[in-house]
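Q: Have a look at the structure that comes next, please.
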Protein chains: 4
Amino acid sequence: MSFNTFGKIFRFTTWGESHGPAIGCVVDGCPPNIPINADDIQIELNRRKPGQSKFTTQRKEDDKVQILSGVFEGKTTGTPISLIIYNKDMRSRDYETIKNKFRPGHADFTYLKKYGIRDYRGGGRQSARETASRVAAGAIAKKVLGIKLGKKYNVVGAVTQLGILGCNLKNWNDKFIRKNKLFCPDKSILKLWEKYLLSIRKSGSSCGAVIEVRARGIPVGLGAPIYSKLDMDLAAAMMSINAVKGVNIGSGMNSAQLTGEQNSDEMSKKGKSTLFKSNNAGGILGGISSGQEIILSFAVKPTSSILTKRKTIDKFGKNTSISVKGRHDPCVGIRAVPIGEAMMNCVLLDHFLMHNAQCKN
Amino acid sequence: MSFNTFGKIFRFTTWGESHGPAIGCVVDGCPPNIPINADDIQIELNRRKPGQSKFTTQRKEDDKVQILSGVFEGKTTGTPISLIIYNKDMRSRDYETIKNKFRPGHADFTYLKKYGIRDYRGGGRQSARETASRVAAGAIAKKVLGIKLGKKYNVVGAVTQLGILGCNLKNWNDKFIRKNKLFCPDKSILKLWEKYLLSIRKSGSSCGAVIEVRARGIPVGLGAPIYSKLDMDLAAAMMSINAVKGVNIGSGMNSAQLTGEQNSDEMSKKGKSTLFKSNNAGGILGGISSGQEIILSFAVKPTSSILTKRKTIDKFGKNTSISVKGRHDPCVGIRAVPIGEAMMNCVLLDHFLMHNAQCKN
Amino acid sequence: MSFNTFGKIFRFTTWGESHGPAIGCVVDGCPPNIPINADDIQIELNRRKPGQSKFTTQRKEDDKVQILSGVFEGKTTGTPISLIIYNKDMRSRDYETIKNKFRPGHADFTYLKKYGIRDYRGGGRQSARETASRVAAGAIAKKVLGIKLGKKYNVVGAVTQLGILGCNLKNWNDKFIRKNKLFCPDKSILKLWEKYLLSIRKSGSSCGAVIEVRARGIPVGLGAPIYSKLDMDLAAAMMSINAVKGVNIGSGMNSAQLTGEQNSDEMSKKGKSTLFKSNNAGGILGGISSGQEIILSFAVKPTSSILTKRKTIDKFGKNTSISVKGRHDPCVGIRAVPIGEAMMNCVLLDHFLMHNAQCKN
Amino acid sequence: MSFNTFGKIFRFTTWGESHGPAIGCVVDGCPPNIPINADDIQIELNRRKPGQSKFTTQRKEDDKVQILSGVFEGKTTGTPISLIIYNKDMRSRDYETIKNKFRPGHADFTYLKKYGIRDYRGGGRQSARETASRVAAGAIAKKVLGIKLGKKYNVVGAVTQLGILGCNLKNWNDKFIRKNKLFCPDKSILKLWEKYLLSIRKSGSSCGAVIEVRARGIPVGLGAPIYSKLDMDLAAAMMSINAVKGVNIGSGMNSAQLTGEQNSDEMSKKGKSTLFKSNNAGGILGGISSGQEIILSFAVKPTSSILTKRKTIDKFGKNTSISVKGRHDPCVGIRAVPIGEAMMNCVLLDHFLMHNAQCKN
């Protein structure tokens, strides 16, 4: 049972509501003697934090993280690492209008029905603000794996589809992704994306996105049979992110349309290296990493909070309508990039430790 | 940690290799006093078992299940239910050729690299034969939910895409699905599918498929926040099935291309009923069931075992090629229908029990 | 896996070091709509906090708890409850002498060997200061059970042996326990205990203790077979408390010397009530509560930090000796009473929820 | 949640009732490439099996184990190991008298109240027959640890108190324990014990026992802080065995009566070895192994099934009395020796793997 805990050996437990005093997480099972400081975590949080460009929500949050335990003289001690981020820019009055109305596409309705009570301010626990904690945990996982797997280890995410606009994956450029606010991997399409997104925003509407995350430098053998498959855990990790509705590993849904010949990633040996002719498998065979690049993608639905008036009901069972003002991302998918990377880092570290547990001693 | 166990309260642990003496599972956490007998389980197993038509593998397995514990005088006692299915039609000689060669697309390579040893006969533990255990566990979950939720409860799966051929979802017909060997929901397309599949088979090739599973009669409130979201657990469940590469909840990957207005499932009240104008969410909001039909789909890649010769390597690190003879499904996706249903039943029962644990007492 | 998490459905994860900025815990799985505020928790923390009498350590800690999440308008929301207690009275210089030396009986040696690093200040994570978090979690469990089980529910702990001095259990008096600083249940012995403890303290020595915890108003049926037995989980809970070396359920170790006749708790029916002639079982049969009072006891070893010089080694592998000054409890067992109660409350709530999950729906 | 599963990485799930067709377990998380065969397991099962001497129950069970999965060509493959033992000598008629009556001291009453149904034949799931599965799992753990830790690794259990008769621990002799049917460690007392036990048996009564288990060759560092302490997990393991009512680690309950000076296990260095002057800690400091011998003991209550007539009630709520005939051990504690050893082996392997997971990679 783990309502608010993710992971098996490297585990993190998140807590906090959008408009409570703070949010945070407790990271357990981290290997000892790993150099880590608040800056290592802050760098990743800054990539996710709101209010950084005209493409995201205007809520201003420092997302300043503090380490409360588990690190001594700059190194992890193997004991739980408690991280806290105080909430600052809370305009709870913005949410008075949604106190009694259920926003379509949000969890307002289901949370209230499930628990009989909910903190409606900013969505409370449902808020994507929770994902800051994941990014913090992911920063620690990234640090550990960087040391354990060496410089070849590297996780990069990008937006590969913005609403109705795709991109050319052959133009994927890691450095370019790091430099633009939309995490766009294809320089040739960025301008168009920006224009499109601003028009979406101006109209008070929103759009969805597809995010792709790639991990390199992964050894063969991470993963476990049947109910701890690496792809199973990655799919769960991505699907646990707010607004995610679909997950693909490698060729994903498209693999349904391939023949056995097309789908087959033929293998060959060149010196000591094992080569694969293609990567439809997304680097995972039978739930276990093959040494190829691990590739997954996931779809984020359009932001449910839109200006356009929508029909809905209130908590008293009356028909009504709602137009959500507040401050919202026109495309929540964009800020999902560092979250997807964080979850990838966490799952890979967890499986690295699991593999060592059973197979390396 | 749960390498071979699925679930949180209603849990099952599977064991067994394709060509070992038997396979089976232990189902734990089942509520007591539920009438169940071997026939209830056999009915579901028969839907998955091989050798039933020209569209599936010709391996003949009775898949005869025995209940070894946990049931007394026809009722569950709340103690673990042990199920066993003896393997019968094993032609291990078929596998001598793959003893040393890695079949592309299979887990031969990764299992051996991970463990340093593998039971190569019929794929050993990697074999989809393991899924018979899931179907057995699912049959128990189905029985429990039928009693707890009443007659409205109902889970139906179908193949909605066979290789390059889709179908018309508006023609979805539960009864028709139950009557045809391809679990096709659309009468108008079946003939074409059959023709297509036979040609695939004749050519020694294979094709992928998309399976859709629908659950009705689910109360509002199943699911749990953040790391036990209902959709997260369903995605994990489906991705744990052999050869599955993608999972969609509701509109899934397509939701990326929708606007906020298009994606919004507007709500209204009619008498005591809560109505939704559409179901892009697939019946799940914020990880919690909304009372709508739960809809998910997943893609199964084409069978990796094909007659066409493919380049590969052997366990000694030499380049070679392979043509897999044996007896194989031209489309493993077809037999994935009862497996997807079983996993849906198991996840829903698990969340039903979890919900009761925290919120109903 | 749960290095720092306790419980199955009602779970808490603790974090923090003795001399770090703060300690705290995250409580997950708490039922919603339970009225709780910081005062409910503070009352219990005050019973454990140091510096309250001449019988405990003179470290002054307010142990002022703050609720950071999971409670909205005075009620639990079903989401994780994050609690934080800032450390105040830290004299880290006291610990410079133990920076390199291993205190016999402490975990200094084993922590350093295990992790290759340790926060030596005040024992770091090993410190019994962690138990404040348990008391906080226990206060929440107590509140929930008080509502779910009603007024009959009640957990009371006491010191029943102080070093070499026992007490007369027939004089057990709940009210008296609450009124004296030694949690002594027997008025006739208190004075002697106080005198004994002061002499122990004056001599710079320490003594052990036995704590007994009783729970009343427990329904029949809590517990689960085999590996979630109620007594198994209670034993684990008590043994997880610092310095605990033995646990008894009911007659405990003494039951070895009884005959079947003596040990047999004969049953009879009086009206609707089931009566037991004795309670050697401690209220638990086959791992499941019988409706009798649940009784357990545990032994706390004498405080390892003593003034008397002891032989030891340092981290460089040299022989040396140590005399631990600092501020220490002459008998850590005393402050273990509210901790034992807290763990009892947590385990019982956990099993109450587990029982509902499987058997009540 | 793990009603019927024990362990975290090395996990086993047991199933089966006393008078069902079979009992068994599934062992998961076992490292690959460990040579194991049915004989390795059978040897341990033979030490526990009934009907071997006049000191135990006369039920005749071969307890012949079969390995159904997870072992290939004589070696573990890292996949789940399924073990099955068919029940043979079942005289269910013996139990007709207890069908409706609750045996005092047994779980008849609590199981029925909890589940509303129970398999009364031979106690069903409550029966100590379940412990055969533990012994089987323990045999695997022992094999793994023997390879991982080398020849110094060794676990030995003995009966150290039989009813009212103790023994001289200074006479502890491993070889002698292996040779006598009472697992008595002290040659000078065996005759007296035998005489005493036969008289107990003749009178239709029963007696309790204390079992001590010692593990040698354990490296420093096994265990984990707070909620996975090695002693916590060992206490849980022992308390999960039928009829166990108390557990001591090292000096255990007696440590309450010691002073800090007496309890202090002073340390010194001799060459590269770390020496301890005494072992009150039982080889565990702060939940982590210190490299000393691990010593624990537990009390087994007298067999509840006795010939002497006892007052009880039946399931219809009537007062009645019962005299249990059947075939029973006069002291169930004796056969608990191999069970205690098995649980020690399982816990140690589990912690060995956990330690590797977090700290060795």
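The values are calculated or read from the model by the stated rules, or taken from the named source; none is laboratory data. Since the structure is predicted, the reported quantities are computational estimates derived from the model, not experimental observations. No Cβ is skipped: glycine too gets one built from the backbone with ideal geometry, and neighbour counts run over all protein chains shown. With ligands, DNA and RNA removed, areas are computed over all heavy atoms of the protein, side chains included. Shrake-Rupley method; radii C 1.70, N 1.55, O 1.52, S 1.80 Å.
Q: Among the listed residues B:Lys360, B:Lys245, B:Lys311, B:Lys301, identify the single one that is over 27 Å from A:Asn4 (Cβ atoms), among the charged types (D, E, K, R) and surrounded by fewer than 24 Cβ atoms within 10 Å (Cβ to Cβ).
A: Matching residue, one of B:Lys360, B:Lys245, B:Lys311, B:Lys301: B:Lys311.
Q: Suppose we filter the range C:175-207 for residues that are among the polar types (S, T, N, Q), out of contact with any strand residue (DSSP E or B) (no Cβ under 7 Å at 6 or more places or on another chain) and open to solvent by less than 20 Å² (accessible area, probe 1.4 Å); how many remain?
A: Here the count works out to 1.
Q: Could you tell me which of the residues A:Asn4, A:Asn33 is under 23 Å from C:Asn4 (Cβ atoms) and touching a Lys or Arg at 6+ places or on another chain (Cβ under 7 Å)?
A: A:Asn33
Q: Of all the residues that make up the range C:75-92, how many are free of Cβ contacts under 8 Å to residues at least 60 places away in the same chain, closer than 22 Å to A:Ala22 by Cα and either open to solvent by 40 Å² or more (accessible area, probe 1.4 Å) or of a type in the set (Asp, Glu) (or both)?
A: Residues meeting the conditions: 2.
Q: Is at least one residue of the range C:264-274 part of a loop (DSSP other than H, G, I, E, B), surrounded by fewer than 22 Cβ atoms within 10 Å (Cβ to Cβ) and at pLDDT 95 or above?
A: yes
Q: Name the single residue, out of those in the range D:232-271 being within 8 Å of another protein chain (Cβ to nearest Cβ) and of a type in the set (Lys, Arg), that is nearest to C:Arg310 (Cα to Cα).
A: Going through the qualifying residues, I end up with D:Lys269.
Q: Could you figure out which of (1) open to solvent by 40 Å² or more (accessible area, probe 1.4 Å); (2) among the aliphatic types (A, V, I, L, M); (3) out of contact with any helix residue (DSSP H, G or I) (no Cβ under 7 Å at 6 or more places or on another chain) isn't true of A:Ala336?
A: So A:Ala336 meets the others, but not (1).
Q: Additional query: Tally the residues that are open to solvent by 40 Å² or more (accessible area, probe 1.4 Å) and aliphatic (A, V, I, L, M), restricting the search to the range D:37-59.
A: Selection size over the range D:37-59: 1.
Q: So A:Ile334 clears everything in (1) farther than 19 Å from B:Met253 by Cα; (2) touching a Phe, Trp or Tyr at 6+ places or on another chain (Cβ under 8 Å) except one condition, right? Which one?
A: (1)
Q: Suppose the filter is at the interface with chain A (Cβ under 7 Å from one of its Cβ atoms) and part of a loop (DSSP other than H, G, I, E, B); does C:Pro50 pass it?
A: Answer is no for this residue.
Q: Right, another one. Residue check: is D:Ile34 in contact (Cβ under 8 Å) with a residue 40 or more places away in the chain, open to solvent by less than 10 Å² (accessible area, probe 1.4 Å) and within 24 Å of the chain's Cα centre (by Cα)?
A: Yes, satisfied.
Q: Given the conditions (1) crowded, with 23+ Cβ neighbours inside 10 Å; (2) touching a residue at least 12 places away in the same chain (Cβ under 8 Å); (3) within 14 Å of chain A (Cβ to nearest Cβ); (4) closer than 28 Å to C:Gly223 by Cα, report the number of the one that C:Asn4 does not fulfil.
A: Of everything listed in (1) crowded, with 23+ Cβ neighbours inside 10 Å; (2) touching a residue at least 12 places away in the same chain (Cβ under 8 Å); (3) within 14 Å of chain A (Cβ to nearest Cβ); (4) closer than 28 Å to C:Gly223 by Cα, C:Asn4 misses just condition (2).
Q: When the residues of the range A:120-150 are narrowed to those that are modelled with pLDDT under 95 and not in a helix (DSSP H, G or I), which ends up nearest to C:Pro31 (Cα to Cα)?
A: Out of the qualifying residues, it is A:Tyr120.
Q: Now, a different point. Could you run through the range C:72-115 and say how many residues are closer than 23 Å to A:Ser82 by Cα, within 14 Å of chain D (Cβ to nearest Cβ) and in contact with a helix residue (DSSP H, G or I) (Cβ under 8 Å, 6 or more places away or on another chain)?
A: Of the residues in the range C:72-115, 5 are closer than 23 Å to A:Ser82 by Cα, within 14 Å of chain D (Cβ to nearest Cβ) and in contact with a helix residue (DSSP H, G or I) (Cβ under 8 Å, 6 or more places away or on another chain).
Q: Would you please name the residue that is surrounded by the most Cβ atoms within 10 Å (Cβ to Cβ), looking only at residues in the range B:248-263 that are touching a residue at least 24 places away in the same chain (Cβ under 8 Å) and part of a loop (DSSP other than H, G, I, E, B)?
A: B:Gly250
Q: Filtering the range D:55-100 down to residues that are among the small types (Gly, Ala, Ser) and modelled with pLDDT of 95 or more, which residue is nearest to D:Lys318 (Cα to Cα)?
A: Residue satisfying both the conditions and the ranking: D:Ser82.
Q: OK, next. Just one of B:Ser18, B:Ser69 is crowded, with 22+ Cβ neighbours inside 10 Å, more than 7 Å from every other protein chain (Cβ to nearest Cβ) and touching a residue at least 12 places away in the same chain (Cβ under 8 Å); which is it?
A: After applying the criteria, what remains is B:Ser18.
Table: residues versus (1) modelled with pLDDT under 95; (2) in a helix (DSSP H, G or I).
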{"residue": "D:Arg201", "(1), (2)": "yes, yes"}
{"residue": "D:Val213", "(1), (2)": "no, no"}
{"residue": "D:Asp233", "(1), (2)": "no, yes"}
{"residue": "D:Met238", "(1), (2)": "no, yes"}
{"residue": "D:Gly246", "(1), (2)": "no, no"}
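Q: Among the residues of the range C:130-151, count how many are open to solvent by 10 Å² or more (accessible area, probe 1.4 Å) and in contact with a helix residue (DSSP H, G or I) (Cβ under 7 Å, 6 or more places away or on another chain).
A: Residues flagged as open to solvent by 10 Å² or more (accessible area, probe 1.4 Å) and in contact with a helix residue (DSSP H, G or I) (Cβ under 7 Å, 6 or more places away or on another chain) within the range C:130-151 amount to 3.
Q: Could you list all residues from the range B:184-231 that are away from every other protein chain (no Cβ under 14 Å) and touching a Lys or Arg at 6+ places or on another chain (Cβ under 9 Å)?
A: B:Asp186, B:Glu194, B:Leu198, B:Arg216, B:Gly217
Q: Let me ask something additional. If you scan the range C:94-116, which residues turn out to be open to solvent by 20 Å² or more (accessible area, probe 1.4 Å) and either among the β-branched types (Val, Ile, Thr) or closer than 16 Å to C:Pro21 by Cα (or both)?
A: Within the range C:94-116, just C:Thr97 meets the criteria.
Q: Give the residue, chosen from B:Asn254, B:Asn242, that is within 16 Å of B:Thr160 (Cβ to Cβ) and of a type in the set (S, T, N, Q).
A: B:Asn254
Q: Right, here's the next one. If I go through the range A:110-123 residue by residue, how many of them are touching a residue at least 12 places away in the same chain (Cβ under 8 Å) and touching a Gly at 6+ places or on another chain (Cβ under 9 Å)?
A: The number of residues fulfilling the criteria is 5.
Q: Hey, another quick one. From (1) more than 24 Å from B:Pro32 (Cβ to Cβ); (2) within 19 Å of the chain's Cα centre (by Cα); (3) not in a helix (DSSP H, G or I), pick out the condition that doesn't hold for D:Asp89.
A: Exception for D:Asp89: condition (2).
Q: For residues that are within 11 Å of another protein chain (Cβ to nearest Cβ), more than 23 Å from B:Met267 (Cβ to Cβ) and open to solvent by 20 Å² or more (accessible area, probe 1.4 Å), tally how many sit in the range A:314-333.
A: 0
Q: Out of the range A:152-174, which residues are open to solvent by less than 30 Å² (accessible area, probe 1.4 Å) and over 17 Å from A:Phe298 (Cα atoms)?
A: Listed by number, the list holds a single entry, A:Tyr153.
Q: Which number in (1) touching a residue at least 60 places away in the same chain (Cβ under 8 Å); (2) in contact with a Ser or Thr (Cβ under 7 Å, 6 or more places away or on another chain); (3) not in a loop (DSSP other than H, G, I, E, B); (4) not aliphatic (A, V, I, L, M) marks the one condition that A:Gly291 misses?
A: A:Gly291 satisfies all of (1) touching a residue at least 60 places away in the same chain (Cβ under 8 Å); (2) in contact with a Ser or Thr (Cβ under 7 Å, 6 or more places away or on another chain); (3) not in a loop (DSSP other than H, G, I, E, B); (4) not aliphatic (A, V, I, L, M) except (3).
Q: From D:Ile339, D:Ile313, grab the single residue that is part of a strand (DSSP E or B) and not aromatic (Phe, Trp, Tyr).
A: Going through D:Ile339, D:Ile313 in turn, the sole match is D:Ile313.
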